[in-house]
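The values are calculated or read from the model by the stated rules, or taken from the named source; none is laboratory data. Note that the structure is predicted; figures quoted are calculated from it, not measured. A quick note on method: Cβ atoms are made from the backbone with ideal geometry, for glycine too, and the neighbour counts reach across all protein chains shown.
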Amino acid sequence: MLIVSLFFSNTLYEYKYKGVVIFRSLDININPFFEYSEVKKRKWKPFAPKLIKIKDGRKKLILIHGISPREIDEEIDFYKENMINAFKEECPEDVGIYFFLYPSLNVPLEETAKKLVELTKNFDNFYVYAHSMGGLLLRYALQYVNFSKKVNMIVFAGTPHLGSPLAQLCMVDGNYFKIFQNRKIELIKVALVMANFFKGYIVAPNYKYLFFGNSYLEIPDGVKVVNFVGHLDFSISDFDKILDTNIPSFIGLYFLKYVMDNFFPENSVFLENDGMVPVVSAQACGETNVYFKATHADLAMRRDIIKKVFEVFGL
């Protein structure tokens with residue numbers, strides 16, 4: 001039952017080095033592959049899902065965020081807040097915005113999807129913008145006919161329709177790094193710790209939904225779908241776009257991209273990615289794709305991308 005999952009406390013592990021938290025995991029007592037001086041455990045309770053009205057309007061747009069490591073510290077972290085603000089600022093006057101806020105780290109998506117269906121039962125129809133794992137959550141909700149028949153159109157933004165091998169790498173057992181030791185592995189270890197430190201990810205149960213090779217529920221016939229696909233390939237000439245994104249997110253995602261770039265061979269399709277999700281996975285749904293030179297976080301908050309959302313929806 002959802003109530004049971006939501007209100008039982010969970011254990012947050014914080015690994016410290018010289019008093020500074022360098023790595024965190026939720027509900028998973030990891031086998032550390034890095035140096036630390038102490039580990040502290042504290043209780044963390046997931047918050048209840050809710051549909052927040054951001055802006056009133058005749059037409060309705062529902063925003064669904066993805067997995068968010070920073071929600072350990074606050075329900076609406078800067079990722080979610082920036083997503084809300086970007087859409088609010090670019091939104092046409094007659095469009096209402098609703099933000100589906102849910103605990104993304106350890107409450108099963110199947111249960112959370114039921115809550116989304118329940119919270120939208122009084123809506124006649126709506127558009128949906130689903131970022132990252134939010135798109136996988138949406139797939140579960142679409143299995144309910146009374147929900148899917150109301151959907152005018154969906155934009156999946158950086159949704160891992162085939163999963164992401166990075167999820168497996170983020171959840172890899174520390175023993176792997178003890179068995180395989182070389183300079184490249186050492187650099188990957190450092191990159192994983194730095195990505196966790198900058199809150200690009202946290203070891204948590206719901207990353208299992210992102211594993212590459214997972215089988216996901218089909219999207220019902222008749223539902224219109226467009227994919228927004230990011231490719232992290234910035235150069236100095238793109239510095240203006242870097243400044244337009246969130247710098248901590250950019251750093252965290254760049255470390256994750258470093259992991260993929262150095263773990264997989266040069267000809268791997270996984271090397272084209274947004275720092276979290278490979279292009280091949282983000283485009284693997286339907287036939288319409290819109291591509292951006294962007295990070296995974298950009299797809300939720302960068303203004304030029306958000307403007308394109310309303311253009312695609314015809315709003």
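Annotations
- Within the stretch 66-91, tally of residues that are in contact with a Phe, Trp or Tyr (Cβ under 6 Å, 6 or more places away or on another chain) and farther than 22 Å from ARG24 by Cα: 1
- Near pairs, Cβ below 7 angstrom, 6+ apart or cross-chain, from the stretch 207-218 (in contact (Cβ under 8 Å) with a residue 12 or more places away in the chain) to any residue that is assigned to a strand (DSSP E or B): LEU210/SER164; PHE212/SER164
- Of all residues in the stretch 248-298, those satisfying the criterion of being more than 9 Å from GLY230 (Cβ to Cβ), of a type outside the set (Gly, Ala, Ser) and modelled with pLDDT of 85 or more are GLU272, PRO278, VAL280, GLN283, CYS285, THR288, ASN289, VAL290.
- Of the residues in the stretch 203-210, none is in a loop (DSSP other than H, G, I, E, B), among the β-branched types (Val, Ile, Thr) and within 25 Å of ILE28 (Cβ to Cβ).
- In summary, LEU116 fulfils each of the numbered conditions (1) farther than 23 Å from TYR207 by Cβ; (2) outside any strand (DSSP E or B); (3) within 21 Å of the chain's Cα centre (by Cα); (4) among the hydrophobic types (A, V, I, L, M, F, W, C) with the single exception of condition (1).
- Just one of the numbered conditions (1) over 21 Å from the mean Cα position of the chain (by Cα); (2) closer than 20 Å to LYS50 by Cβ; (3) in a strand (DSSP E or B); (4) not charged (D, E, K, R) is not true of PHE123: (3).
- Boolean, ILE52 is under 21 Å from ALA204 (Cβ atoms) and not in a helix (DSSP H, G or I): no
- Applying the set (1) in contact with an Asp or Glu (Cβ under 7 Å, 6 or more places away or on another chain); (2) modelled with pLDDT under 95 to PHE7 leaves exactly one unmet item: (1).
- In the stretch 6-53, residue nearest to LYS208 (Cα to Cα) [restricted to those that are touching a Lys or Arg at 6+ places or on another chain (Cβ under 7 Å) and small (Gly, Ala, Ser)]: SER9
- Taken over the stretch 26-58, the criterion of being closer than 30 Å to PRO92 by Cβ and in contact with a helix residue (DSSP H, G or I) (Cβ under 9 Å, 6 or more places away or on another chain) is satisfied by PRO49, LYS50, LEU51, ILE52, ILE54, LYS55.
- Residue within the stretch 95-104 that is assigned to a helix (DSSP H, G or I), modelled with pLDDT of 95 or more, of a type outside the set (Lys, Arg) and within 17 Å of the chain's Cα centre (by Cα) present: no
- Total residues in the stretch 266-315, condition surrounded by fewer than 19 Cβ atoms within 10 Å (Cβ to Cβ), assigned to a loop (DSSP other than H, G, I, E, B) and among the polar types (S, T, N, Q): 3
- Qualifying positions in the stretch 149-172 - assigned to a loop (DSSP other than H, G, I, E, B) and farther than 16 Å from ASN196 by Cβ: LYS149, LYS150, GLY158, THR159, PRO160, HIS161, LEU162, GLY163
- Of the residues ALA204, ALA167, ALA195, the single one that is of a type in the set (Gly, Ala, Ser), within 16 Å of the chain's Cα centre (by Cα) and at pLDDT below 85 is ALA195.
- So ARG42, is it closer than 23 Å to GLY200 by Cβ, of a type in the set (Lys, Arg) and surrounded by fewer than 16 Cβ atoms within 10 Å (Cβ to Cβ): yes
- Members of the stretch 42-57 found to be over 20 Å from the mean Cα position of the chain (by Cα) and within 15 Å of ASN122 (Cβ to Cβ), listed by number: LYS53, ASP56
- Filtering the stretch 77-102 to residues that are hydroxyl-bearing (Ser, Thr, Tyr) and more than 15 Å from ILE67 (Cα to Cα) leaves only TYR98.
- Of the residues making up the stretch 62-88, those that are over 26 Å from ASN122 (Cα atoms) and of a type in the set (D, E, K, R) are ARG70, GLU71, ASP73, GLU74, ASP77.
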